[in-house]
1. For the chain, what does the helix formula give at 222 nm: sum of -39500 (n - 2.57) over DSSP H segments with n ≥ 4, over the residue count, nearest 500 deg cm²/dmol?
2. How large is the Kirkwood hydrodynamic radius of region 1-42, counting all unique pairs of alpha carbons, in Å?
3. Under a Cβ-only charge scheme (Lys and Arg +1, Asp and Glu -1), can you give me the dipole magnitude of region 1-133 about the Cα centre, in debye to the nearest 20?
4. Roughly what % of Cα-Cα distances in region 110-156 sit above 13 Å, to the whole percent?
5. Kindly provide the pair-distance distribution of region 81-219 built from C-alpha pairs, with 5 Å bins from 0 and whole-percent values in order of increasing distance.
6. To the nearest 20 debye, what charge dipole does region 77-144 have about its Cα centre, counting +1 at the Cβ of each Lys and Arg and -1 at the Cβ of each Asp and Glu?
7. How many angstrom separate the Cα center of region 30-91 from the Cα center of region 177-202?
8. How much length, in nm to one decimal, is gained on full extension between Tyr100 and Asn162, taken as 0.36 nm per residue of separation minus their Cα-Cα distance?
Amino acid sequence: PAATILAGKKVLVTAGGTREPIDPVRYIGNRSSGKMGYALAVKAAQMAAKVVLIAGPTSLPDPPGVCVKKVETAAQMRQAVLAEYDDSDLVIKAAAVADYRPQLASPQKIKKSEEQLTLTLEKNPDILRELGAKKTHQFLVGFAAETENLLEYATEKLQKKNLDMLVANDVTLPGAGFNADTNIVKLLYRDGHREELPQMTKIELAEKILAKICEHISK
Ligand code: PMT
């Protein structure tokens with residue numbers, strides 16, 4: 001049955017948000033709690049997969065039976081993900097990676113002086129796009145968190161990043177997205193097929209996403 005397909009397979013999951021340092025006491029971050037990615041790691045481990053979870057800072061406990069690697073910045077997440085990628089069978093990128101980082105992290109705490117302070121940001125590498133470009137046998141799943149034009153932007157990400165499946169999140173809906181215990185998503189596949197899922201807990205959604213992935217892998 002489809003459910004046993006992940007047994008013994010290496011599943012790489014990313015979760016949580018990255019933090020990009022401004023100075024030793026401040027950072028640029030986002031509202032990801034890690035709940036979605038952790039739920040995926042928990043459920044994949046219950047399906048007997050070998051799970052590696054690469055996580056930004058969260059308050060969640062390490063899931064049992066999962067190898068957890070904690071990182072802070074997008075650059076660290078990239079290093080950790082690339083180190084685990086080649087022999088992974090399934091990769092699910094639920095993390096909210098910062099698109100930009102302060103160009104210079106001040107070595108000392110920035111003192112309060114002028115009325116305005118300007119930070120110059122530079123672009124972070126797009127980890128998922130890099131994975132898509134060097135994909136061999138991996139089944140690659142991305143998330144998209146959008147506040148407008150959900151299907152248009154999600155379709156663009158699916159194609160540009162060479163994904164097999166994309167979980168599209170309208171993060172403006174109540175009961176969906178960052179920090180909520182539930183989520184509301186649409187699943188998009190490489191072949192153009194789409195599915196709309198009702199609101200459910202992130203644990204239930206993780207189970208659903210993994211079941212859908214198993215169906216597709218077994219085809
Ligand atoms: O953690 P929770 O509080 O449970 O919230 C869950 C969630 C809202 C964070 C999750 O469901 C979600 O939507 N995660 C993706 C958030 C995001 O950053 O989306 P994006 O559209 O900016 O990025 C698209 C994809 O590219 C994502 O898979 C992301 O991991 C990846 N990416 C983005 C930027 C970057 N520099 N490198 C990446 O790999």
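Only the coordinates and a few stated rules stand behind these numbers; no lab work does. No experiment lies behind these values; they were computed from the predicted model shown. FYI the Cβ positions are ideal-geometry reconstructions off the backbone, even for glycines, and counts take in every protein chain you see.
1. Helix-only estimate at 222 nm: -8500 deg cm²/dmol.
2. 12.8
3. 340
4. Here the tail beyond 13 Å accounts for 74 percent of pairs.
5. Calculated P(r), rounded to whole percents: 2, 9, 17, 19, 17, 13, 8, 6, 5, 3, 1, 0, 0.
6. Working: 10 positive and 10 negative charges, 51 e Å.
In total the dipole reaches around 240 debye.
7. 19
8. Numbers: separation 62, 0.36 × 62 = 22.32 nm, distance 2.19 nm.
Contour length minus Cα-Cα distance gives 20.1 nm.
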